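The block underneath contains the structure these notes are about, expressed in structure tokens.
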Amino acid sequence: MGRVIIIMGSKADLPWAEKIRTYLEQFEIPVKMRIASAHKVPLRCFEIIKEYDEEDVVFITLAGRSNALSGFVDAQTHRPVIACPPYSDSFAGADIFSSLRMPSGVAPMVVLEPEAAALAAAKILALSDSRVQEKVMAYQTAHRERIIRDDQELSDG
């Protein structure tokens with residue numbers, strides 16, 4: 001069974017990580033949370049990434065301001081990396097560009113919402129886990145049914 005490793009740039013990112021973990025729990029996906037700044041402790045960050053080399057994992061990286069973490073993690077692993085930087089009003093949200101612009105050969109996916117990051121990780125793990133695949137399908141069905149139900153309520157009213 002696969003799991004998600006959430007790496008935060010600092011403990012300040014914990015509330016955002018907790019949101020992601022809450023959504024992953026809906027898919028019954030195990031989560032491990034770690035803290036390692038690519039700027040401040042790159043060697044420690046590298047060690048953490050390498051701990052999971054032989055496991056079926058998806059990394060979700062969270063770093064505000066200058067998000068070197070997502071690119072650093074992606075460049076050091078062959079496992080999928082999803083960048084989900086916490087939203088900040090600083091710089092009118094322009095700090096997101098540090099998550100979007102990556103050097104060649106570095107390709108973390110960027111997903112802005114915790115729910116979407118969890119769903120993306122679940123879909124990746126569902127490729128090799130039929131139990132997770134069933135949960136993803138049920139999740140998507142519930143969302144479709146809610147839209148249909150909302151439309152019916154509105155049109156009947």
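The values are calculated or read from the model by the stated rules, or taken from the named source; none is laboratory data. Just so we're clear, the structure is a prediction, and the values are computed from it rather than from any experiment. Here the Cβ positions follow ideal geometry from the backbone for every residue, glycine too, while neighbour counts run over all protein chains shown.
Under 9 Å between Cβ atoms, at least 6 apart or on separate chains: pull out the pairs that start in the stretch 5-24 with a residue that is more than 22 Å from Glu51 (Cα to Cα) and end on any residue that is at pLDDT 95 or above and assigned to a loop (DSSP other than H, G, I, E, B).
Sorted first by the residue in the stretch 5-24, then by its partner, the pairs are Trp16/Cys84; Lys19/Glu113.
Quick check, is Gln140 at pLDDT 95 or above, polar (S, T, N, Q) and surrounded by 13 or more Cβ atoms within 10 Å (Cβ to Cβ)?
Taking the combined requirement at face value, the residue does not satisfy it.
Could you run through the stretch 70-96 and say how many residues are assigned to a loop (DSSP other than H, G, I, E, B) and under 18 Å from Met1 (Cα atoms)?
Of the stretch 70-96, the ones assigned to a loop (DSSP other than H, G, I, E, B) are 77-80, 84-89.
After this cut, where a residue has to be under 18 Å from Met1 (Cα atoms) as well, the list is 78-80.
Residues that pass the stated criteria total 3.
Could you grab me the full set of residues in the stretch 39-69 that are closer than 9 Å to Ile7 by Cβ and over 14 Å from the mean Cα position of the chain (by Cα)?
Cys45, Ile48, Ile49
Quick check on my filter: what residues within the stretch 111-157 are outside any helix (DSSP H, G or I) and under 23 Å from the mean Cα position of the chain (by Cα)? Steps first, please.
Step one: of the stretch 111-157, the residues outside any helix (DSSP H, G or I) are 111-113, 127-129, 157.
Within the stretch 111-157, Val111, Leu112, Glu113, Leu127, Ser128, Asp129 qualify.
Out of the residues in the stretch 74-93 meeting the condition of being of a type in the set (A, V, I, L, M, F, W, C) and over 15 Å from Val111 (Cα atoms), tell me which one is surrounded by the fewest Cβ atoms within 10 Å (Cβ to Cβ).
The extreme case among them is Ala92.
Return yes or no: is Glu115 under 18 Å from Ile20 (Cβ atoms) and of a type in the set (Asp, Glu)?
Yes: the conditions hold for Glu115.
Under 7 Å between Cβ atoms, which residue pairs at least 6 apart in sequence (or on different chains) link something in the stretch 110-135 that is within 14 Å of Val81 (Cβ to Cβ) with a partner that is in a helix (DSSP H, G or I) and at pLDDT 95 or above?
Here the result reads Val111/Ala117; Val111/Ala120; Ala117/Ile20; Ala121/Leu24; Leu125/Val132, each pair linking the stretch 110-135 to a residue that is in a helix (DSSP H, G or I) and at pLDDT 95 or above.
Condition check ((1) surrounded by fewer than 14 Cβ atoms within 10 Å (Cβ to Cβ); (2) at positive phi; (3) out of contact with any Ser or Thr (no Cβ under 6 Å at 6 or more places or on another chain); (4) in contact (Cβ under 8 Å) with a residue 60 or more places away in the chain) across all residues:
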{"position": "Gln26", "(1), (2), (3), (4)": "no, no, yes, yes"}
{"position": "Val57", "(1), (2), (3), (4)": "no, no, yes, no"}
{"position": "Gly64", "(1), (2), (3), (4)": "no, no, no, no"}
{"position": "Ile96", "(1), (2), (3), (4)": "no, no, yes, no"}
{"position": "Ser104", "(1), (2), (3), (4)": "yes, no, yes, no"}
